[in-house]
Structures are given as C-alpha cells and as structure tokens.
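Encoded as structure tokens, the structure appears first; notes follow it.
The values are calculated or read from the model by the stated rules, or taken from the named source; none is laboratory data. Only a predicted model underlies this, so the values are computations on that prediction, with no experimental measurement involved. As a convention, Cβ positions derive from the backbone with ideal geometry for all residues, glycine included, and neighbour counts pool all protein chains shown.
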Amino acid sequence: MIAYKYNQTTNHVDPDEYWSRFGYDMSQFRDLVSYYYSNFGSLDYLATSGEGATISVRGWYFNRNKYEFLFVMDANTGREISRYQVKTPTIRQDVEKVLGIAGSAVSGFDAQISVPTGRNIFIMSRKTNDPLGNTNGGAVDKSFASTKILATYSPKASLDTLSLKGDTISTTGWYWPGQSYAHQFVFAMDARTGKEVSRVKVTPNVRNDVKSYLGNLTNSERSGFNAQIKVPIDQEVYIMVRRTNDSIGNTSGGSIDQKFENRKLSTAKLHNSLDALNLGNNVLHTSGWFLPKQNYKHQFVFVMDKETGRELKRQQVERGDRSDVLSYLGDFDGSDKTGFSTSIYIPSGKNMYVMVRRTNDASGNMRGGYEDMAYPNSVVKSVVSNPTPPPISKLRANVDVLLIDNNMLQTSGWFMPKQNYQYQFVFVMDKATGRELNRQQIALGNRSDVFAYLNGLLGSDKTGFSTSISVPSDKSMYVMVRRTNDVSGNMQGGYEDMAFPNSVVKSAATTTPLPTPSFSLTGVNATQMAWLNGIYPSIQKLAKENDLFPSIMMSQAIAESAWGQEDLAIKTNNLFGIQADATWTGARYTALTTESAKEDGKVTDYTGKEIFVQKGQSYQIYADFRKYNSQAESLTDYVTKIKTTMNGSAYRYQGVWRSNAKTYENAASALQSGGYAKDPHYAENMVNRISKYRLDTLD
C-alpha cells in the first residue's frame, strides 16, 4: 500500500513492475489486499430460541459488498438449509475501534431464524452484490463452522404413568413439539396394526419442571397431559399424543404426533363366566355372564347334547344386572347387563352343556348377526326317567287377583293355551251383556310356579298376565284372556280365549263426572280410535287428580306410542318412551332408538361400530326402556316422572303443572325446556296435535 501511494516520489521499484514478477497486475493485487484486510467477522452467539423452532444468531462480518445474508447450513452435508437477509445491520462501534477501518461499524447482525428440527447446523455469512443472496456480481462468504455446530431442537416427550382400570386407561406425561398448536389429543393406538382405537381431547397441563428442563423455551410449560381414555377389551395398545390445529383432532391445518410405542398395555380380560350349572328333577339350573364384542337385541340359553353337539332346548332370558362384572370390566357398553340365569326342563339320560347366544333374531337363530359362547367342558347328565306330563285334570288357567280401585281394574293370573300364539290381551267384559268394555295388550309374564305345577311343560314358565285397566262406572265385569296371532287382539290368524265369568267385580257409580271430550278424529283409523277411546278416561282422571293437563298427556302418548301401535308400546306397555336409567328397578327392554350427539366426537352406534358425529347429528343405538305390566302402569309412572323429577333443589317439570302453566301451550313449552325431548319442534308439534284432534276438550 505504501509503495502504491508513494511510487511517484520514491526510488522504490514501481509496484506494477514488482508484482508483475509474480504474475499479478495491480488490480489483482488490490483485490487480494481488499479480501485479506476487509474479510473480518465473528459469531458471538448461537442458540435455540423461542418455542424451539427458531435460533438466535448474533455477531458481525465486515465486507464492503452491498448485501448481507445469513445462511443456515447443514453441518453433515455442507449444504444450505435456509437463508435470511440482514436488511438493517446493527451498529458495532467496538468492531470499528478494533479494526480501525472506516465504515466497519455497520457490520453487526442480530437475527431470529426459523430452522428445522433435529439437524446439526452452522452459520455462514455472505456479503454479496446480488439482492437475492447469490454470488452474481461478486460475493464473499464467511463460514462460522469452526466457531459452533448447533443441534436444533427435537420434539421431546415423556410418558410418566400408564395404567388400566376396567375399560379406561389413565395416563400422564408431557410432550413439547417445538411450536404451539391450538389443540391436544391423546390417542389409544392398536399395537398390532398401528390404527386408532379411540381418542380424547385434553387441555395441556402446566409443567414448569419441563420448561426448566428445556432451557425456558417459550410456552414449553404448556406441555403436560393427563387423560382417561376408553379402550376395548382383548387388545394391545400404546399411547400417541397429537398436537394439532384441527378442533376434532385430525391433521388439518398442521399437526405433529408423538408415539410411545415402547410402552404397550394389554386390555385382555375374560368376557364370560359360567357361575352355576346343576340339575334337580330334570330341570337344569344355570347362571353366569357373557359380554359379546357388540350389542345384540336378544339373549338365549341353549342346552346342547355333548355327544352330538346338537341343540336339545333353548330359552330366551333377560340380560341380568351384574354390578360385579361392571366393576371388573369397567364401563364397557352393556357390561352391567351381562347376566344370564334360568331353569330349563330337559330330557332324561343326556350328557349336556350350555351355550349362550346373543342375537338380533327374536327366535334365537343366527339371522341378523349373533355371537355364541359355549361351555363344553362343563357337563351335567340328567337322570334316566321320563317327566310326568301334566294330568288332564290339572288347571290350564287361573285368575289370582281381581279388584277395582277408583275405576281401575287390577287383575293377574296365568293362562296356558294349547299352542303358541304371538300376542296376549286382557279383555274386560260386561257381565250383563257379555260385550267387551276395554282391552289391553300385555307381555307374557314369568311364572316359575306354573312351570313346576305343570311339570316343566314347554312354555309354561311364560304364562303370566298382570295389568290395570280403566273401566267405566257402575258396571259388573269379568275378565277374559286371549292368546292370538292378531296384533290388534282380534281373532284373525288363530286364537284361544280363557274367560273367568264366575269372578265378577262391580265398579262404583261416578259422583263427579269429568268433561266429555268432543274429539275431531278425521283421518284416524279404527284401531287408533279404539285405543284412544280405551285410554283417554284413565289419562283424563290421572291428569286431573295430579294437577296436569289431560290434553298434554294425551298428545304425548299419541306421539310417543304411535297411537299405541308402536313396537315399544306393544311389547312393554311404555307409552311415553321413558328409558330405564340407573334408578329404575323394574323390568327392562332393549330396543333401537335415535340419539342426538351432544358434541363433536366418536360414538358407538347400534352395530357396535365407532362412528364420528357432529354436534346435533342423529345416530341410532340400542337402549334400555322401562317395561310395564300394563299401560296403566305406564300412565302412573309418567305422572310420577313429571311430578317428582328433580333438577338440583327444584322440580324439573314444575312449569308443566297446570297450576303453574295456566294454559296447555305454556305447559308444552315447559315440557320441552325441561329437556323431556331433544326435538326442537317437540312443543310446537304437541300443541298442533292438541288443536288438530281437539284434545283440549279433555281439559
């Protein structure tokens, strides 16, 4: 530099001549000087920052080219990962003071750069005359590979606890993916297939210990999870945590998963047990429990021949309450209703075992889906004797109870017809004229005493009748029981009657007549009209006595039971669709019903499959409904529900009471707002029905 500056006034060799000896001209010499005396830099700080997906870079680099770019370089391959333009250099007076070069203070950089996870990186600074950061027009690079190689953040997680109780996995731990997502879900995954079993949305727990462990990354304390998630039995699962921007837990909008495949958990459990199997007088007694893989409508116990494997007998049995199974299995769908217990008359001289079948076929066959559970290793042998058939002199029917209370006739007894029929009806007959006054369809009741009395005659255990029927005033009456194949109780398709004309009761004369309704029944068929005329006196009387509107009660009964013709009403006498909750101690009946989703998520439908539903979407399931001995019991239970159901410290349906509602329109609105039905038009439809058929004349 000195030679160049003073070459006109000294006797030094001219620089051009000097450098030409080495093959350089003065332009090249100046470039060398510029490079070695102007290519200074330092990387002062490089570390992970923010939530983990960025790095902080601080330092300086002096070169007189126009643009500066910071490059994130892969330390393993030496290739560029990303670049960042330093548009506003930081002022570094300390650099200019050390270098003593004018303009070198404008050399600092201080940047936050996004980086991929799990990579070894170093920083390179480029001073260039290309606005895109390439080498066009001249560029000089400064690598800081020797200063620091940084491992970028990798998602970190820990599964702290994992346990199973019943059908529910409890798990805790933490997961920080290196950036924030809107939602967190915990999944149970099938360890064999890697497919989802179930999922649950959980709010991240605060874990300050994790934040300290991760070097105080932003938001890393919001990394904990504490979840309870239901799983099926007989499966091996592992836990997966998903951070996602999708509100239902899918991958839309960005997501990242953490699998804990090294921690597997088995949900294998017994799902059946034969608790008892014994014989007495050629009657086989058996009990136990069976939880199939999905729901079915009916349960049958089969007696099987050990030698031939063929069926000897079958009997339909109710699904019994088994709270011990519920405790053992957890809240699996239907695990509290898994019991079977029955006594079956069997042939003599046979080695036998039992098989339990869950099926959708009402006759116990394999149509419509089924699942069997056999116990061929538990065998009993019946004695070699022939059961004594019932003597001809034995009764085939009996009326046990016949009395009248407030114009309600109560009767019970049994009837063994000569052959099987589909339906059973009790008729109230006028003693004076022999004409029918009222009829009611009832289910076949269990009568083990009749079974013993008739020496185990096939079907004799299902011979009972018991009901309450509204009857007119001032009448002498007797009852008749009809077994028939006609759904309306008439004589088509075969029937058999059993009348008890020697057992007569008389109803009291009415002292305070109720209003005579003037219905408008255009479009109502004869069967519907007969049902209405048979039921409305009971509804009118019960409603009046209990501060309710008869029109509301009648309108509901029509809608919920389809004029008494809906399958549930026929088989269970349930006129109001009331389900059997945990407080119900009476008989139950399982039927297909429509539910409305309370929120977005997965549910199990009537086929036993998990489906995804959105809030408000309808889907079908099998549910337990209350089963009554008579329609009169259904009416009384409805009144009890409306008058006694609590909501906290208040009566849930007090707005339905006549003294509070004042009009049936107000009562209908209060019934819907009280949550009786999910249909948003329930009250409107009920009022329209009252108006259409003039049911208000009952009031």
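A few comments on the model shown:
- Residue satisfying condition, being among the hydroxyl-bearing types (Ser, Thr, Tyr), touching a residue at least 12 places away in the same chain (Cβ under 8 Å) and assigned by TED's automatic domain parsing to the domain that holds residue 557, within set 693, 619, 651: 693
- The set of residues in the stretch 270-306 that are polar (S, T, N, Q) and part of a loop (DSSP other than H, G, I, E, B) comprises 281, 282, 294, 295.
- If you go through the stretch 192-222 and keep only what is of a type in the set (A, V, I, L, M, F, W, C) and assigned to a strand (DSSP E or B), you end up with 197, 200, 206.
- The condition of being crowded, with 18+ Cβ neighbours inside 10 Å and either over 21 Å from residue 163 (Cβ atoms) or free of Cβ contacts under 8 Å to residues at least 24 places away in the same chain (or both) holds for only one of 244, 218, 251, 203, that being 244.
- Hits in the stretch 655-671 - residues which are without any contact (Cβ under 8 Å) to a residue 12 or more places away in the chain and either in a helix (DSSP H, G or I) or within 28 Å of the chain's Cα centre (by Cα) (or both): 660, 666
- Among the residues listed as 137, 133, 194, the single one being in the same structural domain as residue 118 (by TED's automatic domain parsing), farther than 23 Å from residue 47 by Cα and surrounded by fewer than 16 Cβ atoms within 10 Å (Cβ to Cβ): 137
- Test: residue in the stretch 317-329 that is on the phi < 0 side of the Ramachandran plot, out of contact with any Leu (no Cβ under 6 Å at 6 or more places or on another chain), in a strand (DSSP E or B) and modelled with pLDDT of 85 or more: yes
- Flag for residue 631 being in contact (Cβ under 8 Å) with a residue 12 or more places away in the chain, closer than 27 Å to residue 591 by Cα and assigned by TED's automatic domain parsing to the domain that holds residue 574: yes
- For residue 225: the one exception among (1) assigned to a loop (DSSP other than H, G, I, E, B); (2) surrounded by 19 or more Cβ atoms within 10 Å (Cβ to Cβ): (1)
- Single residue of the stretch 532-553 satisfying the filter (hydrophobic (A, V, I, L, M, F, W, C) and touching a Lys or Arg at 6+ places or on another chain (Cβ under 7 Å)) that is surrounded by the most Cβ atoms within 10 Å (Cβ to Cβ): 549
- The stretch 554-566 - residue that is touching a helix residue (DSSP H, G or I) at 6+ places or on another chain (Cβ under 7 Å) and part of a helix (DSSP H, G or I) and, of those, surrounded by the fewest Cβ atoms within 10 Å (Cβ to Cβ): 559
- For residue 321: the one exception among (1) touching a Ser or Thr at 6+ places or on another chain (Cβ under 8 Å); (2) surrounded by fewer than 21 Cβ atoms within 10 Å (Cβ to Cβ): (1)
- Members of the stretch 91-145 that are of a type in the set (S, T, N, Q), farther than 30 Å from residue 77 by Cα and either free of Cβ contacts under 8 Å to residues at least 12 places away in the same chain or in a loop (DSSP other than H, G, I, E, B) (or both): 104
- Yes/no for residue 178 being surrounded by 18 or more Cβ atoms within 10 Å (Cβ to Cβ), in contact (Cβ under 8 Å) with a residue 12 or more places away in the chain and out of contact with any strand residue (DSSP E or B) (no Cβ under 7 Å at 6 or more places or on another chain): yes
- The number of residues in the stretch 81-90 that are within 19 Å of residue 114 (Cβ to Cβ) and either without any contact (Cβ under 8 Å) to a residue 40 or more places away in the chain or in contact with an Asp or Glu (Cβ under 6 Å, 6 or more places away or on another chain) (or both) comes to 6.
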